[in-house]
1. Provide the descending list of Cα extents for the stretch 14-122 along its principal axes, expressed in whole angstroms.
2. How high is the relative contact order of the stretch 14-122, in percent, with contacts defined as C-alpha pairs under 8 Å that are six or more residues apart?
3. For MET35, what residues show an amide H to amide H distance below 5 Å, using hydrogens built from the backbone and excluding near sequence neighbours?
4. How large is the helix-only mean residue ellipticity at 222 nm for the chain, computed as the sum of -39500 (n - 2.57) over DSSP H runs with n ≥ 4, divided by its residue count, in deg cm²/dmol to the nearest 500?
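Here, each number is a calculation from the coordinates, and none is a lab measurement. Fair warning: this is a prediction, and the values are worked out from it, not measured in the lab.
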Amino acid sequence: MRPQQAAVERVATRRVFLVPPGARLHDPNVDCLAMDEEVWERGYSLVIDEVKRGPLQDFWKHYYGTSAEMAMSGNGLMEFRKDIMAITPDCLSEPAVFRFLVQLTRMCVRAYSVQGSLQVVAE
């Protein structure tokens, strides 16, 4: 009798990388924030239905594939942060979404302060 092999299901993930100047995306010193699909799903209607068209809505619109990938730097980081800060109080009923947005806000500030960028990769 052959042992059955468990099917390995690949789980889609989005990752936000804080890339300092001179660093590459996959350098070991690059910080990364994973966005679980459940966070995306739970926050979708909060962001898409409640936020004016802007960087946060663009970020939240897609989870899969190249349409879910983007990069932000300079003043774009502060626009992104402003959008996040506007919606964060409305997310208190969704603790995982709230925590993700707080961490994402911190990454925006850090990236801006070191003149780096945030790069979003969908895997």
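1. Computed over the Cα atoms, the extents are 38, 25, 23 Å.
2. Numbers: 167 pairs, mean separation 45.3, N = 109.
About 42 percent, as a whole number.
3. The list, which skips near neighbours in sequence, is ARG14, ARG15, VAL16.
4. Values: 4 runs with 53 residues, N = 123.
Roughly -13500 deg cm²/dmol at 222 nm, from the helical runs in the chain.
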